[in-house]
Amino acid sequence: MISRSPKGHATTALLRHRIGSWHLPAEAASSLPGPGWAGRAFPALLAAAVSLPLLVLIASGVLSWREAWAQARLDTLHSADAAAEYIGRVLDGQRMLVARVDDMLRGRSDAEIRRDEPALHAELQRMLREQQADVTGFVVDANGHALVTANLYPAPGESFADREYFAALAAPGAPATHVSRVFMRRVKDQTVFTVGQRRSVTGNPPRPDGFDGLVVVTALTQHLGSGLTALLASAGDNIGVARQDGEVLAGTRGFTRPPPRLPPGPVRDAMAREEARTSLLVPPEGDRPERLVAVRRVAGWPVYALASRPRAVVVADWRDHMQPQLAVGVPATALLAFLAMLVWRQQAALGLANRGLEARVAERTAALAASEAEFRATFDASVIGKAQAELGSLRFVRVNQLFCAITGFSAEELTGGMGMLDLLQPQGGETAPERRLEALIRDGTHHAEEQFRHKDGHAIWTHVSIGLIRDISGKPVRAIAAVQDITERKQAEERQALLAREVDHRGKNALAVVQAALRLTPKHDPVAYANAIEGRVGTLARAHTLLARTRWRGAELHALVAGELAAFMVGGAAGPQVRLEGPALSVPAVLTQALSMAAHELATNAIKHGALSQPHGLLTVRWSLAGTLLRLEWQEVGGPALAGPPARHGFGSRLLQATITQQLGGRLRLEWRPEGLHCQIEVPLARPAPREADEA
């Protein structure tokens, strides 16, 4: 065992044996110089070693706190987005029902409706039950009296003129479609709100104000609350729906009486400013604690989806994340402090002993430095590969075991005529490796990363430091080399560089796709153009998020498809249904972006023209794997009846065809069946990585 004094003098077990029981007088010990800068810095280093884990724990807590709030903000925004999509589909469906009832009664006078009330009641009841569950509707005349209802026959005699929706639609400048505040149904003890509009064409004599009754469809708040509950990201979250004026329409917590209006505050202010999407930290309001609220406007309606998470839930999530770290970090810090105290005491004792030995060690240093036994011990037991070579030819004269292990040659082979130049591999087009050692002859030192030839023929990366051994007169007599195997580090650097190139390639490819979408998407309708670009860029972002989770090794097909259809995978009977069927399957990174774009175009078509445009529509996506061939089937039913292929193919259709057949080298089959679109896609999963120009 070798120990070092603060001045760098070596003491060995052999030295202790030779010194025997010799002791330094106390007076001599007290006259020795101090421990130097290393001794003075030791307490600070020890304190730093004890404090470092505690500082790391504090830094981890701060970062975890920020991440907890960032995750909470992301979760509430996603919940608000999903809720806005869900409520938008419900309200669109209600508006469609109102339009169908109005169309059914087009041209009929009040007297004709009352005369045909039995048949109209049955038809209205069948129409509403066919479209949506738990809804009812009715038609009232200009004075607020019911003409026909879906749930009662005959129509009740009381007036509905006192209802808020009647006053809003009867007033001059009434909106085309009105969403009422929540009220109690008179027939059943239930909370509802209505979607209504004026009757458009009646058989009654024209009125001066143009108002001749209205058509109303109700929505159960309890039913909407159940659908919103399925969108909660956390058990402590809450999702609500409110009109722009603050009237609450539905919520996951439910209510049995009409709820109060939202109090004035940041949320009401954001709604008044008609902000489309924002996240707010709302201070305590009454008995409601401080909370994070995401506000998302429902497209096409003066209605907002609100997703909130109390501060206590965010704090609890952060605390749960920190508890394991505290359970390990605090005891570890305490143990480290105890060990530091022991080291401090031992160092103090060692310093006292070293001061007594320094004088004797100085007298023995020259003899120990020349000792062959000591040199061999330090040479052979070194944790670094070492070799001595002749100065002129660089032939090996001595090597240690680690040097043999690095090169694969035995000590006899290396010292039997081999030299340093026999191991060096050419680099940078050089044919003479000895040129890289010219600095050794010129400056007496050489430090570089070199490739060695292993005995079995493969190349290994090493860090080589070569210096000169000089005699007493200063004349160089031998070269000594210290070699470390850094092959694993170089391979890791190459893998990191490859990953960086892959990320750069994907980023350029994504920008090329965005550029193509910006250039080729029809621009005659600014709103449609913006929505189309936003959807396609969002698809690219989701694909890159999936790839980033796996470090660009690929993406799960289920997550890829579900990301495009998440808004329709809610469940219940209030809107279109989506089913995903297929085994767990990872799509290679080179195919992820293209398949995401294809799924987005199919989903966009289904939302606009297919099964997802109807409340009772059903979309089924199935996939299977046959060898290396991915087969995906897209089946829509329940959408608008199709008479055949479209007369004109838009950008989405061309993009879908180019993506599947040209970019992915697959097959695409589209069938416009009467019940809905049927698409079959076959894509080979095993394919060479394309060039950037090909993918773009």
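The residues on offer are V313, V330, V343, and the sole one that is touching a residue at least 40 places away in the same chain (Cβ under 8 Å), crowded, with 18+ Cβ neighbours inside 10 Å and not polar (S, T, N, Q) is V313.
Give me the residue from the stretch 236-275 that is free of Cβ contacts under 8 Å to residues at least 24 places away in the same chain and closer than 15 Å to A307 by Cβ and, out of that set, surrounded by the most Cβ atoms within 10 Å (Cβ to Cβ). Here the residue is L262. Here V361 passes the criteria (1) touching a helix residue (DSSP H, G or I) at 6+ places or on another chain (Cβ under 6 Å); (2) modelled with pLDDT under 80; (3) among the aliphatic types (A, V, I, L, M) except the one numbered (1). Filtering the stretch 386-418 to residues that are among the aliphatic types (A, V, I, L, M) and either within 52 Å of the chain's Cα centre (by Cα) or not in a strand (DSSP E or B) (or both) leaves A387, L391, L394, L402, A405, I406, A411, L414, M418. Within the stretch 569-590, the presence of a residue that is under 25 Å from E671 (Cα atoms), modelled with pLDDT under 85, in the same structural domain as A548 (by TED's automatic domain parsing) and in a helix (DSSP H, G or I) is excluded. Of all the listed residues (S226, S200), the sole one being hydroxyl-bearing (S, T, Y), touching a residue at least 12 places away in the same chain (Cβ under 8 Å) and more than 21 Å from V98 (Cβ to Cβ) is S226. Checked against (1) outside any loop (DSSP other than H, G, I, E, B); (2) farther than 26 Å from L169 by Cβ; (3) out of contact with any Gly (no Cβ under 6 Å at 6 or more places or on another chain), G227 meets all criteria but (3). Tallying residues that are under 21 Å from L591 (Cα atoms) and outside any loop (DSSP other than H, G, I, E, B) within the stretch 615-671 yields 29.
Matching residues to (1) surrounded by 14 or more Cβ atoms within 10 Å (Cβ to Cβ); (2) modelled with pLDDT under 90:
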| residue | (1), (2) |
| --- | --- |
| W634 | yes, no |
| G639 | yes, yes |
| L642 | yes, yes |
| R648 | no, yes |
| L656 | yes, yes |
| I660 | yes, yes |
| R667 | yes, no |
| Q680 | yes, no |
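Pick from the stretch 56-77 the residues that are of a type in the set (S, T, N, Q) and modelled with pLDDT of 90 or more: which of them is surrounded by the most Cβ atoms within 10 Å (Cβ to Cβ)? The selected residue is T76. As for the stretch 597-618, it holds no residue that is more than 30 Å from L128 (Cα to Cα), touching a strand residue (DSSP E or B) at 6+ places or on another chain (Cβ under 6 Å), modelled with pLDDT of 85 or more and surrounded by 19 or more Cβ atoms within 10 Å (Cβ to Cβ). If you check R243, R261 for being within 25 Å of R100 (Cα to Cα), at pLDDT 90 or above and either charged (D, E, K, R) or not assigned by TED's automatic domain parsing to the domain that holds L128 (or both), only one passes: R243. Any residue in the stretch 453-462 that is among the hydroxyl-bearing types (S, T, Y), modelled with pLDDT of 80 or more and assigned by TED's automatic domain parsing to the domain that holds G385? Scanning the stretch 453-462 turns up at least one residue that is among the hydroxyl-bearing types (S, T, Y), modelled with pLDDT of 80 or more and assigned by TED's automatic domain parsing to the domain that holds G385. Do any residues in the stretch 75-96 that are part of a helix (DSSP H, G or I) have Cβ atoms under 6 Å from those of residues that are among the acidic types (D, E), where the two are at least six apart or on different chains, and which pairs are they? Hits for this filter: zero, empty list. When Q346, Q388, Q323 are screened for being at pLDDT 80 or above, farther than 30 Å from I58 by Cβ and not hydroxyl-bearing (S, T, Y), only Q388 passes. Taking A146, is it at pLDDT below 95, over 20 Å from Q94 (Cβ atoms) and buried (at least 18 other Cβ atoms within 10 Å of the Cβ)? No; evaluated as a whole, the condition is false for this residue. Any residue in the stretch 176-191 that is closer than 27 Å to L105 by Cα, surrounded by 18 or more Cβ atoms within 10 Å (Cβ to Cβ) and free of Cβ contacts under 8 Å to residues at least 60 places away in the same chain? Yes, that holds for at least one residue. One residue is enough: does the stretch 429-436 have a residue meeting the conditions within 26 Å of L414 (Cα to Cα), at pLDDT 70 or above, out of contact with any Leu (no Cβ under 8 Å at 6 or more places or on another chain) and not in a strand (DSSP E or B)? Taking every residue of the stretch 429-436 in turn, none turns out to be within 26 Å of L414 (Cα to Cα), at pLDDT 70 or above, out of contact with any Leu (no Cβ under 8 Å at 6 or more places or on another chain) and not in a strand (DSSP E or B).
Of all residues in the stretch 437-452, those satisfying the criterion of being under 19 Å from L468 (Cβ atoms) and either at pLDDT below 70 or surrounded by fewer than 17 Cβ atoms within 10 Å (Cβ to Cβ) (or both) are L437, E438, A439, L440, I441, R442, D443, G444, T445, H447, A448.
The values are calculated or read from the model by the stated rules, or taken from the named source; none is laboratory data. Model, not experiment: these values are computed from the prediction. When we count neighbours, we look across all protein chains shown, and the Cβ atoms used for this are built from the backbone with ideal geometry, even at glycine.
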